[in-house]
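Scroll down for the structure; my scribbles are underneath it.
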Amino acid sequence: MFTLRFDLRAPATGAPASELYAAALQMSSWAESRGCVSVIVCEHHGAEDGYLPAPVIMAGALAARTTTVPIIVAVVVLPLRDPVQLAEEMAVVDILSAGRVSYVAAIGYRPVEYEMYGVDFRRRGKIAEEKLGILLRAKTGEPFEYEGRRIHVTPAPHTLGGPLVFWGGGSPAAARRAGRHGVGFFAQSGDAELGTIYEQAARDAGHEPGMCILPPSEMPASVFVAEDVDQAWDELGPYLMHDVLSYAAWNDDLTGTTSLSGATTAQELRAEKRSHQILTVDEAVALVRTGMPLSLHPLIGGLPPEIAWRYLRVVTDTVMPALSA
């Protein structure tokens, strides 16, 4: 049981974007019948390494190349979007995918992205609050009026009420926003207090609390499985570190977020044995048997597809049969 995550970073030290995008589609189609339980795509803007800026388009492409696997857009930076246009795009993708695509909307955290879009970073909370309310009404396909204008998203989505939307974040404000709007909450850490805040905010607003995902700190966010772990660290270390250092440069505070690391070398990252891990087959089998999926990030840091496929096949050809046995 594993997930595939793609952010499609394509630094000069890795494979070109054209190869990475093609490989992501091929891997998702190939993996859905081999134990993949979801495909996740991410969003950032203006990154030097070309981090995926249009995850809804990518979700549509993935939907066209797959038939059963759920696809998650995590995240879409809502304050940078027109919520009506986003709802239209979501409706089309919902039809294409027969309802397999869900979304984690969030506020984002990079001022440079807000500057690029001409949105006031200081007002991001208020903007998010307003746009989330509009999106949740628009995505249903039902007409309504907002500030004197009629809004009606067509065609109607495949999913009754529109595709599933969560709110994501790592702060009490994010938990309260999810609760107020009656959507599920996707946290950035396993802090139980966030779950309590979310549930209380939902009930205060007259909603029954929905799904609340609090990823445990011991759950690695980027996983590879290797027959020879030492050799794998030599081969994969530079690509893992591109991911680690890129996120560190964007985040002043690395504490509390499960997927981030403060490591400055591959040796430090390996010793942490936390956010980014290379597991033996036995370790991978043991992890899945605890109920945790393997969070695979096969093209991390622009990893060339010919290398990525080798590690992906260790999971499908060795780990999955071992689980069945």
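Coordinate-derived values only; no laboratory data. Here the structure is a predicted model, which means the values were calculated and not measured. With ideal geometry, Cβ positions are generated from the backbone for all residues, glycine too; neighbour counts draw on all protein chains shown.
Things worth noting here:
- Helix runs (DSSP H) in the chain reaching 24 Å along axis by Cα, Kyte-Doolittle at least -0.5: 229-250
- Proximity of backbone amide H atoms, modeled 1.01 Å from N, is registered between THR159 and no other residue at under 5 Å, excluding neighbours fewer than 5 places apart on the same chain.
- Placed amide H near CYS212: partners under 5 Å, 5+ positions off or other chain: PHE185
- Each residue of segment 99-115 was assigned a 3J(HN,Hα) from its phi angle through the Karplus curve 6.51 cos²θ - 1.76 cosθ + 1.60 (θ = phi - 60°); the sequence is x, 8, 9, 10, 9, 10, 8, 7, 8, x, 8, 9, x, 4, 5, 5, 4 Hz, with glycine and proline shown as x.
- Loop-located GluC sites (Glu not before Pro) across segment 186-283 with a Cβ neighbour count of 16 or fewer within 10 Å are GLU218, GLU227, with loop assigned by DSSP.
- Computed lengthening from GLN200 to ASP82, 0.36 nm per intervening residue step minus Cα-Cα distance: 39.5 nm
- Residue among VAL75, VAL314, VAL101 with the largest mean-square fluctuation in a Gaussian network model of the chain, springs linking Cα atoms under 10 Å: VAL314
- Dipole-positive endmost among ALA17, LEU4, ALA54 within segment 1-54 (Cβ charges, Cα centre): LEU4
- Backbone N atoms of segment 23-58 closer than 12 Å to the 7 Å Cα→Cβ label point of ALA249 belong to residues 47-51.
- Virtual spin-label span in nm between ARG34 and ILE151, 7 Å along Cα→Cβ: 4.2 nm
- Shape category assigned to segment 1-82 from the gyration tensor of Cα positions, a/c cut at 1.5: oblate
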